[in-house]
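First up is the structure itself, then whatever we jot down about it.
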Amino acid sequence: HFRKAQELRPRGVTNFYREGMLFKQIERKTEKSIPLFERAAGNWENMEESEKKERMRERKNYVKSLYQLASALLETNRPTRALGVLEKCIEEDEDTNYISPLYKYFGLGKIHFQLNSYKKAKDALEFAASCEAERPIDFVYELLARTHLAMGDEQGAAAAVNRVPEKSRRPYYRWTEADVLCALKDFRGARIVLLRSIERDKRSAHKALIRLARIEYLSGDFRKTGKYAKAAQKFFQDTWGGLLDEASFWEALSAYHLGEHEHAVKIATELKGRNPRYPKLDRLLASLAGRTPGPRGGGR
């Protein structure tokens, strides 16, 4: 259907945009969507001004193509290109707001965050948070909190987290809240937050369990580290199938510190086979071989 329409109107915008959305939003094939959004945007930009006036109804999908192209580029780890495209989108959409300023500036914040431009990320996210919205914007405050953490501003991170009422904090928000509490050395509070999030989370409780494993490791309770790592592994296997590398690492690390040498070697070696570049895994394996001190605070 799309291909036939594109053959009939190879210099159009809408049909390339719509097929791009099919790949990106429906089929989750982001890479395949990129050339389609590029074609849609390029077709509009290459039109004569007289033709643009005749086909003004397609301009909205030109702006949307820029926005979706920036999103797709960021999703595929090309933030520098994404930045230029989104800035063009914001400029082109300044008087029309086909895309809500909330989403444009949240996207800008995401890009700057990935580029480690945290001050620019903070400014963009604060602007996004100031935009009127019909739905909760917890996703803005969550990224704003992580931005403050990256800047070493724990109090600013806590203030951002607290801009969403506690009863409205979804599991992913709780993970960042726990990270903020850990940065403030409130490990008891972080434990409470994570345990509460697990009660509500039927899809991704393993992420909270991994954070609990890390907290117990930093507290020196290696038995609890292993307990939470195993729970994370079981939840992930039962829910999604396969093995969770982070759970394997923390289980192996806890076994190493508990003197369970054979079990640690087994788990770490299996992880090496699946993911040879897992952070600090080589140090752990070297420690198990008796060559160096064990890694502190390993994993991601």
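Within region 211-220, can one find any residue that is surrounded by 14 or more Cβ atoms within 10 Å (Cβ to Cβ), at pLDDT 95 or above, out of contact with any strand residue (DSSP E or B) (no Cβ under 9 Å at 6 or more places or on another chain) and of a type in the set (Ser, Thr, Tyr)? Spell out the reasoning first.
Within region 211-220, the first condition is being surrounded by 14 or more Cβ atoms within 10 Å (Cβ to Cβ), and the residues that meet it are 211-217.
Filter again for at pLDDT 95 or above, leaving 211-217.
This time we only want the ones that are out of contact with any strand residue (DSSP E or B) (no Cβ under 9 Å at 6 or more places or on another chain), so: 211-217.
Now restrict to residues that are of a type in the set (Ser, Thr, Tyr): 217.
Yes.
Where in region 1-102 are there helices (runs of 4 or more DSSP H), lying wholly inside it, with at least 3 residues that are over 18 Å from Gln114 (Cβ atoms), open to solvent by 70 Å² or more (accessible area, probe 1.4 Å) and free of Cβ contacts under 8 Å to residues at least 40 places away in the same chain? Spell out how you get there, then give the answer.
Values: elements: 2-8, 14-21, 30-45, 49-54, 59-75, 79-92.
Filter on region 1-102 gives 2-8, 30-45, 49-54.
Return the residues of region 121-152 that are among the charged types (D, E, K, R) and crowded, with 17+ Cβ neighbours inside 10 Å; say none if nothing qualifies. Even if it seems obvious, please write down each step before you answer.
So the first thing to find is which residues in region 121-152 are among the charged types (D, E, K, R), and the list is 122-123, 126, 132, 134-135, 138, 142, 146.
Within region 121-152, Lys122, Asp138, Glu142, Arg146 meet the criteria.
Table: residues versus (1) under 18 Å from the mean Cα position of the chain (by Cα); (2) touching a residue at least 12 places away in the same chain (Cβ under 8 Å); (3) closer than 25 Å to Glu31 by Cβ.
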{"site": "Tyr105", "(1), (2), (3)": "yes, yes, no"}
{"site": "Lys119", "(1), (2), (3)": "no, yes, no"}
{"site": "Ala129", "(1), (2), (3)": "no, yes, no"}
{"site": "Phe139", "(1), (2), (3)": "yes, yes, yes"}
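The values are calculated or read from the model by the stated rules, or taken from the named source; none is laboratory data. All of these numbers come straight from a predicted model, not from anything done at the bench. When we count neighbours, we look across all protein chains shown, and the Cβ atoms used for this are built from the backbone with ideal geometry, even at glycine. Calculation scope for accessible area: heavy atoms of the full protein, side chains included, ligands and nucleic acids excluded. Shrake-Rupley method; radii C 1.70, N 1.55, O 1.52, S 1.80 Å.
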